[in-house]
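Every number here is computed from the coordinates shown, using simple stated rules; none is lab data. All values reported here derive from a predicted model rather than from experimental measurement. Here Cβ is always computed from backbone atoms with ideal geometry, including for glycine, and neighbour counts include all displayed protein chains.
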């Protein structure tokens with residue numbers, strides 16, 4: 001019961017802040033609402049019993065990635081002047097039509113999966129010899145999901161090198 | 001009921017109050033220690049030997065006019081010092097001041113809580129503290145505090161990487177992320193990690209200095225710099241809150257280093273029988289003595305060393321600390337596997 | 001503090017920023033204004049603006065008689081007032097061909113060297129503090145206090161001494177003063193070692209001063225630098241050795257010379273000058289002869305028409321006086337000072353180019369300028 005209350009409360013906050021992210025005028029405020037969003041998502045993870053993921057969510061997302069967003073936003077200073085009028089290139093009707101289409105699609109998919117529940121998921125991984133959050137994640141990461149892990153780290157390496165190459169003035 | 005609600009609440013109250021008092025008195029401690037290092041006396045007038053100086057400072061700051069720059073973002077301006085301070089205080093939830101002891105017939109653990117990802121929690125909460133600095137510079141609505149705050153936060157996140165990598169070696173040795181678990185591991189392995197991981201100790205200490213914006217890494221807030229620091233537009237209590245947050249972070253780093261490397265609440269050589277008389281000193285007293293020592297080291301370093309230039313500082317973090325941290329990690333891993 | 005003029009609407013790295021540093025700034029050692037043109041954090045150009053402390057000393061001197069001008073010279077390099085006094089008095093003595101008794105010359109030497117140590121104490125304190133080592137500042141000032149006490153005993157003042165007269169000194173040494181000077185020398189030796197321990201091999205200090213502000217010997221000579229900035233670049237020029245004055249021809253001492261011409265070498269040169277000054281003081285105090293303290297000076301100083309230039313080695317560099325007497329009045333016709341700080345400050349623009357903002361304060365400290373003598 002208390003779990004349900006906590007879940008709905010957190011979800012309401014998350015959705016509320018997400019709406020604020022896209023509707024607020026000031027870009028910096030938008031980024032800050034995003035941070036709050038991530039913090040509440042971390043709280044949701046804790047509710048699910050995934051404390052490791054929650055801590056990593058805060059460490060990486062809220063504490064790293066959004067900080068970099070903030071750097072860029074502040075340096076470029078996208079404060080919209082108060083008398084800005086709507087962008088003449090904006091096609092509101094098309095946007096509305098597209099969002100309705102996506103919603104309908106989601107509803108169909110949701111209804112379909114609800115009507116036919118999925119078969120029991122066969123665990124592909126050997127049983128982890130540890131209990132405890134971090135250990136289990138680590139075990140899975142290095143046994144069943146080793147290849148995706150390595151691929152992801154290669155991707156990050158490529159991104160890092162790309163960023164350095166782009167930013168340096170003379171190599 | 002009592003165990004589940006009252007005792008934790010009581011602990012929170014005690015720890016919060018103690019921290020806030022400690023942070024205020026850190027101001028006095030720093031002024032006194034630096035003064036003594038410089039053949040001066042420091043504050044002497046308010047109260048005997050200047051003991052009541054922090055109270056005088058607090059009163060002065062509270063009655064100061066609270067100026068908010070006209071075009072500054074009001075919400076962000078107000079929130080920034082709070083965002084700086086709160087993470088420093090929250091971290092105390094997982095710091096173990098001592099083991100389970102018996103008070104008035106009841107088993108009480110001398111820490112607010114022990115979560116199984118304690119160290120990770122500390123690191124992630126500390127990374128949120130960066131926002132206070134960034135937002136302070138931004139909210140000042142002036143290009144130069146903004147630049148200074150961005151530099152300060154770039155410094156913070158760079159050294160965060162180095163410190164986190166180093167902490168991984170400690171976690172490797174202890175086999176757990178829980179703070180109490182790490183202290184227990186030091187007990188079971190018969191060694192304080194300062195002896196088993198000396199390089200990690202040095203790296204965390206240097207990284208801790210940089211994380212808290214302390215000398216010799218305090219260029220972003222130095223007065224000799226051209227650009228005013230990120231706190232230029234702040235006055236009164238909000239200004240004080242930034243510096244109290246810095247001191248709170250210092251105390252946090254001292255506590256974390258004590259727990260991870262000096263055995264937390266354990267006396268030296270905790271397993272050797274002849275030295276068991278050291279257990280007569282309560283565990284939390286050991287903890288405070290060790291933390292206090294590190295606080296003293298922080299202040300001592302500030303009084304002694306010149307400060308790094310910003311590019312030298314960043315070079316140190318990226319080109320020296322991170323490779324050393326990775327090296328330490330690799331060596332620890334190899335040794336651990338060989339000894340298994 | 002900083003009043004920037006920013007090019008609006010531009011990202012930072014692609015535009016040049018103009019920043020104004022001073023005249024009110026904790027690190028410019030006086031009222032100095034430096035307008036920096038920056039590319040990111042690198043200094044592309046610097047414009048040094050002076051004149052904020054101009055008091056018209058040279059013009060004022062034209063309305064004072066020769067004895068009264070000694071007072072005014074104090075206020076130029078107020079950190080090393082006795083050296084200014086000595087320079088001026090010796091120039092007038094040169095013009096008038098007055099013979100200064102040997103005892104007076106010895107005392108002048110002692111006072112000049114004490115002054116050199118006091119000035120270098122202030123230099124090292126402020127230089128270290130600008131780079132962040134704040135404790136050295138207090139240690140150096142503690143020693144400077146000892147010297148100021150010695151001066152106060154001798155002439156009654158701590159900063160602006162008025163301690164020389166044309167032909168000698170106003171009064172003889174108080175009894176026991178020379179013992180106190182020797183005691184001071186013993187204390188000072190250990191203190192210089194203390195400064196060395198704190199700074200010379202400190203890796204942060206090395207990183208902040210090595211290869212900062214490098215200038216070659218030829219360039220230094222071309223720019224007109226003198227004193228430690230010149231000697232730090234390897235040029236062995238010291239007025240005390242090349243054109244001895246006071247009692248320097250009777251003293252044994254060495255001139256420290258640097259090799260690389262960077263801030264670190266200038267630091268080492270001044271540090272060694274501490275020790276050499278102590279050596280000179282010891283020799284002079286122990287060998288001080290008896291005799292009169294002031295020479296034969298005419299009651300009314302009215303030199304015949306003529307001009308002369310005389311230079312001495314002040315702690316900052318070569319301090320020169322050029323005086324023109326017109327033979328008709330008791331005031332000089334023209335009183336011109338060649339202040340070392342003024343000429344050294346010219347080098348700032350050349351030294352700063354290519355360095356970062358944080359190095360600007362290190363360089364100003366390394367040149368050791370006193371605005372009192374730059375602006376007069």
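Key figures for this structure:
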quantity	calculated
Förster radius 41 Å - calculated FRET efficiency between residue B:269 and residue C:197 (Cβ-Cβ, nearest 0.05)	0.75
Sequence of B:250, A:160, C:129, C:164 once ranked by neighbouring C-beta atoms within 10 Å, starting from the fewest	A:160, C:129, B:250, C:164
Residue of C:81, C:358, C:246 that the Gaussian network model of chain C assigns the largest fluctuation, springs spanning Cα pairs under 10 Å	C:358
Hydrodynamic radius (Kirkwood) for the protein assembly as shown, which is based on Cα pairs only, to one decimal in Å	32.0
Taking the convex hull of Cα positions in region B:58-107, its mean projected area over all directions (nm²)	6.4
Average beta carbon contacts from partner chains per residue of A:49-61, 10 Å cutoff	4
Sites residue B:82 and residue B:143, calculated FRET efficiency, Cβ-Cβ separation with R0 25 Å, nearest 0.05	0.55
Ascending count of other beta-carbon atoms within 10 Å, so fewest first, for B:49, C:321	B:49, C:321
Residue B:330/residue C:187 FRET efficiency (R0 56 Å; Cβ-Cβ; nearest 0.05)	0.60
Expected 222 nm ellipticity per residue - DSSP helices of 4 or more, -39500 (n - 2.57), all of chain C, to 500	-15000 deg cm²/dmol
Fraction of antiparallel bridges per DSSP, the protein assembly as shown only, in percent to nearest 5	100
Radius, Kirkwood style, for region A:1-79 when every pair of distinct Cα atoms is counted (Å)	13.2
Amide N of region C:356-376 lying under 17 Å from the label point, which is placed 7 angstrom from the Cα of residue C:157 along Cα→Cβ	C:372-373, C:376
For chain B: relative contact order, % (alpha-carbon pairs under 8 angstrom, 6 or more apart)	23
Percent of Cα-Cα distances greater than 36 Å, calculated over chain B	22
For peptides B:118-125, C:287-294, B:274-281, sequence by mean Cβ density within 10 Å, most packed first	B:118-125, C:287-294, B:274-281
Alpha-carbon spread of chain C, three principal axes, descending order, Å	72, 49, 35
Residue order, fewest to most surrounding Cβ atoms within 10 angstrom, among B:75, C:177	B:75, C:177
Neighbouring partner chain Cβ atoms per residue of B:243-255, average, 10 Å criterion	0
Backbone N within region C:220-257 under 17 Å of label point (7 Å from residue C:309 Cα along the Cβ vector)	C:221-227, C:238-240, C:242-244
Shielding by partners - mean other protein chain Cβ count within 10 Å, residues of B:123-130	6
